Amino acid sequence: MMTSYGKTARVRYRGTLADGTVFDSTEGKEPLEFVVGSGEVIHGFDEAVASMKVGESRHVVMPACDAFGERIEEKVELAPMYAIPNAKDIEVGRLFYFVTEEGLRFPAKVLEVREGMARVDFNHPLAGKELAFDIELVGVRE
């Protein structure tokens, strides 16, 4: 059976960076399920799975624009430490989550803290990186 937009795909995958570092994988977990074409996964991954048949495996390399986008310097902001709700837990260089008033969580990395101000990078940790995926389509349903 072929996948197509609107169908639910079940995939096993392994995602690696250019240097071979594994950044995500379904190894030891249930396959990932998502509706093809819904925007639940990154564009390049969606496009690859949309044209696969059940049982097929594929190696896909995608540029940053088809993955998490290019790194945008304007997404690096200066914020006063008092305005950061969980400021006491922040470690320079480590990823943490900002929580909006609406309860949305999004990752950020504090690049530096000086004189009560934090320089915070709101780019996705994989922004600007070419990604490679080994994908196996294990099932499709309507």
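The values are calculated or read from the model by the stated rules, or taken from the named source; none is laboratory data. None of these values were measured; they are calculated from a predicted model. Virtual Cβ from ideal backbone geometry, glycine too; neighbours counted across all protein chains shown. Ligands, DNA and RNA are excluded from the accessible area calculation, which covers all protein heavy atoms including side chains. Shrake-Rupley method; radii C 1.70, N 1.55, O 1.52, S 1.80 Å.
Miscellaneous remarks
- Cβ-Cβ under 9 Å pairs, at least 6 apart or on other chains, the stretch 21-44 side touching a residue at least 60 places away in the same chain (Cβ under 8 Å), far side β-branched (Val, Ile, Thr): Phe23/Thr16; Pro31/Val11; Pro31/Val138; Gly44/Val60; Gly44/Val61
- Filtered by the rule that a residue be over 16 Å from Leu126 (Cα atoms) and open to solvent by less than 40 Å² (accessible area, probe 1.4 Å), the stretch 72-85 gives Ala79, Pro80, Ile84.
Each row is one residue, and each column tells you yes or no for (1) under 25 Å from Ala18 (Cβ atoms); (2) at pLDDT below 90; (3) in contact with a Phe, Trp or Tyr (Cβ under 8 Å, 6 or more places away or on another chain).
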| residue | (1), (2), (3) |
| --- | --- |
| Ser38 | no, no, no |
| His43 | yes, no, no |
| His59 | yes, no, yes |
| Phe98 | no, yes, yes |
| Glu101 | no, yes, no |
| Arg114 | no, no, no |
| Asp121 | yes, no, no |
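- Residues that are surrounded by 13 or more Cβ atoms within 10 Å (Cβ to Cβ) and assigned to a loop (DSSP other than H, G, I, E, B) within the stretch 5-19 comprise just one, Lys7.
- Any hit, the stretch 77-92, residues being among the small types (Gly, Ala, Ser) and at pLDDT 95 or above: no
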